[in-house]
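Note sheet for the following structure.
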Amino acid sequence: MSTFQAPKGTYDLLPPDSAKFLAVREAIAAPLRNSGYGYIETPGFENVELFARGVGESTDIVTKEMYAFETKGGTKLALRPEGTASVLRAALEANLHKAGNLPVKLWYSGSYYRYERPQKGRYRHFSQVGAEAIGAEDPALDAELIILADQAYRSLGLRNFRILLNSLGDKECRPVYRAALQEFLRGLDLDEDTLRRAEINPLRVLDDKRESVQKQLGDAPLLRDYLCDACKAYHEEVRELITAAGVSFEDDPKLVRGLDYYTRTTFEFVHDGLGSQSAVGGGGRYDGLSEMIGGPALPSVGWALGVDRTVLALEAEGIELELPAATSVFAVPLGEEARRLLFAKVTELRKVGIAADFSYGGKGLKGAMKNANRSGARYAIVAGERDLAEGVVQLKDMESGEQAAIGVNEIVAELEARLG
Ligand code: AMP
């Protein structure tokens, strides 16, 4: 293995592509910031217990994919595999739910870690932007989150995504359904592992991607037919609110998610250009999670959108984001005196908010102009001894190739005017 190789299942974000990632994070965060969500940051690791209890002991995430380790002090920690449990833990620790302003609405952005089999769109280190609304049971809140995710994707120009929607019931109706599904699964021709899963977490079997399993599930009982009246009414209200907002979705009665804590509203955003790793985001209501991790009853709802896969979705749709130029002006000094003067001008330009860069390392005109070109700058300012003797610099429009002499004292004002 080369010393310069990133660990398996990870990759580095490098310029210029990294600018796309920042823009995607920003585009997902913007609708949240605009809707009363406050920014939260939690540690990259937590006590392993939090995820075991919060995400679920029977999930792949906890049993197979968690980076768990023991510290020198003997504490068992895990790199966070997802955001919700940490955010809820932090909110409970700070008593945000007692401040009398429910729901507590939070958004976050960061790195997550899962020991998965890497493939395109599936990494061991990935990025999510997420949102959680803690402490309120209101179909409008579920609808709000779905609408905001839709808005985020649309603001990026994405079109080929679909929203899948389902209800997982609550602690009244889900156990009845669970028993019925278990009964059905016991009668199927399944391998030992899957039968075991059917006993621990039968809903997850519905999510099995293998054809041999899927083809036996045609007659599986559906949760839809077991929902209690309260869950049915709640789900209907969510559907109506999203529809009224002009957001289209598909009912997917078999949609379950990889985490144990979901109740009622469950949704996933899938993109049709991504092959097998098609989920670009997902979320739902998790009314029981707070109690599962030792807190009070706090019905909540949230989602997390994958930044890596959203970038892949942009590529799949051939969308080029309009990113602001990294550098607008590039300064090319020829000689010592010009170096001092232009360095000062670059500093001035930066102070007034113009993105400017400088040819470092005492290059000659040819090499420096090559750098100016590569920087993508719209303008180059070039100055040599003769220019300075006349009190001017050459301002070159890198698009048209036009060049004009301008007074040294007019550089900043002229570029401000030209760059609008
Ligand atoms: P989940 O918590 O599994 O529903 O994940 C939410 C979103 O995070 C998914 O829809 C993906 O976009 C993204 N995601 C989850 N796991 C990975 C991974 N291993 N690699 C890249 N993105 C991921």
Subject >> Within straight-line cross-link reach of Lys76, lysines at Cα separation under 19 Å, skipping those fewer than 8 residues along the same chain >> reply: Lys64
**OP:** Only loop residues by DSSP count here, and only those with at most 14 other Cβ atoms within 10 Å; note down the chymotrypsin sites (Phe, Trp or Tyr not before Pro) in region 302-399 that meet that.
**Re:** Tyr360
Original post:
Taking the Cα atoms of region 241-394, what is the range of coordinates along each of the three principal axes, in descending order and whole Å?
Top reply: 77, 38, 31
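Quick one: accessible area per residue over the chain, 1.4 Å probe, rounded to a whole number of Å²?
Ligands and nucleic acids excluded, the result is 49 Å² per residue.
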**OP:** Tell me which residues come under 5 Å, amide H to amide H, from Asp287 once H is placed; ignore anything under 5 positions away on its chain.
**Re:** Thr263, Ser300
Subject >> Sum of -39500 (n - 2.57) over DSSP H runs of 4+, divided by residues of the chain (222 nm, nearest 500) >> reply: -10500 deg cm²/dmol
Original post:
Which value results when the Cα radius of gyration for region 371-420 is divided by 2.2 N^0.38 Å?
Top reply: 1.12
Subject >> Folded to 0 to 90 degrees: helix 229-244 orientation relative to the chain principal axis, Cα >> reply: 30
Original post:
So what are region 329-419's ellipsoid semi-axes, whole angstrom, largest first, if each one is the square root of 5 times an eigenvalue of the alpha-carbon gyration tensor?
Top reply: 16, 15, 13
Subject >> Too-long pairs where the Cα-Cα distance tops 32 Å, listed order kept, from Lys171/Lys209; Lys105/Lys215; Lys98/Lys209 >> reply: Lys105/Lys215; Lys98/Lys209
Subject >> Fraction of the pair-distance distribution of the chain above 33 Å, Cα-Cα pairs, percent >> reply: 47
**OP:** Could you pull out every one of the lysines with an alpha carbon less than 16 Å from that of Lys370, ignoring same-chain neighbours closer than 8 positions?
**Re:** Lys396
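For the chain, which whole-number percentage of the solvent-accessible area (1.4 Å probe, protein heavy atoms only) is attributable to carbon and sulfur atoms?
About 49 percent, which is the carbon plus sulfur part of the accessible surface.
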Subject >> Met66 long-range amide H proximity, modeled H, under 5 Å >> reply: Tyr115
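Could you calculate the contour length gain from Arg186 to Arg33, that is, 0.36 nm times the residue separation minus the distance between their Cα atoms, to one decimal place in nm?
Extending this stretch completely gives an extra 50.3 nm.
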Original post:
How high is the FRET efficiency from Lys351 to Ala94, r the C-beta distance, R0 35 Å, rounded to 0.05?
Top reply: 0.35
Original post:
Among Ala143, Ala325, Ala304, which one moves the most in a GNM of the chain with springs linking Cα atoms closer than 10 Å?
Top reply: Ala325
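The values are calculated or read from the model by the stated rules, or taken from the named source; none is laboratory data. Computed from a prediction, not measured in an experiment: that's the story for all the values here. Don't worry about glycine lacking a Cβ; one is built from the backbone with ideal geometry, like all the others, and counts go over all protein chains shown. For the accessible areas, the whole protein counts, side chains as well, though only heavy atoms, and no ligand, DNA or RNA atoms are used. Shrake-Rupley method; radii C 1.70, N 1.55, O 1.52, S 1.80 Å.
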